[in-house]
Amino acid sequence: MKRIKLEEVSRQFSLIPAKPVMQLGAGLFALLLLSTANSGEDQAKVEPAKQAESSESKPQSDSPSLFKSIGNFFSGTAKSKDAGDKADSSPPATTASGGFNIIDIDSWSNLSNVVLDPVCKQPIQPFGITDNVTSLGLLAAKLKVKGFVDGLSKNGQPPLAVKDIIKLAARNLNWMPMDFEKQIGESKVPEAEVLDENKNKDIKKTYAQAREILADILKNVPEDNPYEFKIIVIKSSYGNATALPGGIILVDKDLFKKGTPPEYPYFIIAHEVSHVLQRHQTRAYQARLADGIDSIDNFRKLLGDTSHANPGAILGYASAFKNMVVNYSEQQELQADSCAIRFMKTKYPDQKMILEKMVKVEQKLGPITPAIPDDSKDPALLKQLQFLGDGVLERHPNTKQRKDNFQVTIKAIYI
Amino acid sequence: MKKNLTLTLLTMAACMGSAMAEDCQVPPQKSNSARTESLSKELAKTNVCKTVKGLSAKSLKTVWLALLDTKATGGKRFETPPPAGTPTGKVFTIADKVAFDLSAVSQEGVVGLTIKADESGQIIKLPPLVAGRPMWIENTKPGTSYSWILVTKKETYRGSFEIAEADDLQAIKAKLTELDQQDMPADVKLIYQAAIFDEADCYFNRDSILDTLRNTKNP
């Protein structure tokens, strides 16, 4: 299997290669800023609860131009760009070179459950502690500079305290140890559903076809990654696939069913590989831990305070929980679609060609069904609680959302 | 020398006996649920080799594992899987009929179900949906395949299934008939049925039985 180094990946994904020395220097500079800022912690304090309320879960990306320049300087380019632009054609801020996999977080949220890179400018999330620390350093430095600039202009929020910056940064990176991630993946393999490769010719062929596609996709992934990608064909006949943390891809036995266009299984496996590389499953666990603990604690306090225990307040929390878990799951699916298109780009570099291929994928997604009017007379609160009571912790975007996202991503990559 | 030979023969016989037991029986499994443990003990009393010709203990063990699987969400799927009770993959039919049990999505508010025969493109005419009862698709033919779309107020599901070929249907029927003649507890018989379907790749039928067992036995 031909594999390439990180620098080649940078080129294939239109990333700007940066010198490792610059990366390290930026990281150290960032950490230095962080440590010097620590002494002034008291005067920089803000109320974290108010901050969380005001920003909700929306990514913050309205950075001043100086801030943008500094952020891009860290990532190895002085080119200014809009940090929150979903459909940008400029090179992403990701820097990946010479064994480092550091990301330059150019938008962030006070919650973990927000996908900050919807069109997948950064196909591979940091997985090593060094990468995470350096990425954290970059983010912390940017936040300190932003606070400083805001303070000077008197327009923005008061600067964050260092402890809040660290908390915020921790919510925007995946800190789950990779070994833990692999263990989760192995434990989730449904033993009773696994099909033995030698069961019959059809199953053998399905394994071979899925592995061929996986190998092709992995040519775009640097070989010095900690994942152990492998295909397992399972008994399900949903024309579907599933990614488990650590690199296990479960493929339904009928994914390559007669009449299925070859682009479809390719896209699906690329989508699943993207879930792994984005560390979506563990990130979701982390989000539930990081955001859930605060939310549950506040919810408990709210219920304890009889003066505030009203249905409206409870509804607010129910909505927040729903947003936290269900909508986050949808965002991750759309991001994995975008990453899959980036993988397909390396196979079909011509825009016209990829548009043709994606039409075939879209046709397999099923029809766009009309929006169903919500004619229920149930009180909103009851509906929300019923929804939570379903135990549905993940939901997929509908065909229209997926198609719209394809268009946005293709525009971002090719135009 | 003679003593050694006897010892070797005895050891070999013991090993062969153990291997035969492994091939023909499922050892009892411990469980937190008393009902499940009791079912496991009943299952362990049976001998697969003498019950249904060609059925292996491995299939029984697999089905047992599937029964205990909580179906908890694990991993990130490309699409939401079809709800329990909706046919997918290779399907065994009784009297050329296939059941669509929509009870798993009844809370979501079923808006509509469309089934299409893949070869002819013909839309199958469906009987009106009666709450709490499965919807039967009649006059299916061996080897034909169908696609369906189920729309609820919450989600759009889709899937496809194909009726097993006539030879397969016949082979499965023969095994089920053989099983039917055996004297064993009803729940154990259901596990055997599920194993027959598992071996024949009729996983929809297998899962329907396991769902029944789960609902009644709460393993």
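All of the numbers you see were taken from the coordinates with simple rules; none came from a lab. The model shown is predicted, which means the values in this text are computed figures rather than measured ones. In this analysis, Cβ positions are derived from the backbone assuming ideal geometry, glycine residues included, and neighbour counts consider all displayed protein chains.
The table that follows gives values for the structure above.
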quantity	calculated
Extreme residue, positive dipole direction of segment B:48-179, given options B:SER120, B:GLY75, B:TYR157 (C-beta unit charges)	B:GLY75
Ranked by how many other beta carbons lie within 10 Å on average, peptides B:99-108, B:115-124 from highest	B:99-108, B:115-124
Most to least packed among A:404-412, B:201-209 [average Cβ atoms within 10 Å]	B:201-209, A:404-412
Partner chain coverage, peptide B:161-174 - average Cβ within 10 angstrom	0
Rough spin-label spacing in nm, given labels placed 7 Å along Cα→Cβ, for A:LYS204 and B:CYS49	2.8 nm
Expected 222 nm ellipticity per residue - DSSP helices of 4 or more, -39500 (n - 2.57), all of chain B, to 500	-14000 deg cm²/dmol
Gain in span if fully extended, B:ALA166 to B:LYS41, counting 0.36 nm per residue against the direct Cα distance	41.4 nm
Only Lys, Arg (+1) and Asp, Glu (-1) charged, at Cβ; segment B:149-218 dipole about Cα centre in debye	520 debye
Among B:SER208, B:VAL98, B:TRP148 the positive-end extreme of the charge dipole of chain B (Cβ point charges)	B:SER208
Extended-chain gain in nm, criterion 0.36 nm per residue less alpha-carbon gap, B:LYS116 and B:THR212	31.8 nm
Radius 13 Å from Cβ of A:GLN363, net charge of other residues (Lys, Arg +1; Asp, Glu -1)	+3
Segment B:LYS173-B:ALA104, length gained on full extension (0.36 nm per residue, minus Cα span)	22.0 nm
Per-residue mean of C-beta atoms belonging to partner chains within 10 Å, peptide B:196-203	2
Protection-proxy order for peptides A:338-349, A:356-367, A:192-203, each taking the mean of Cβ atoms within 10 Å per residue, highest first	A:338-349, A:356-367, A:192-203
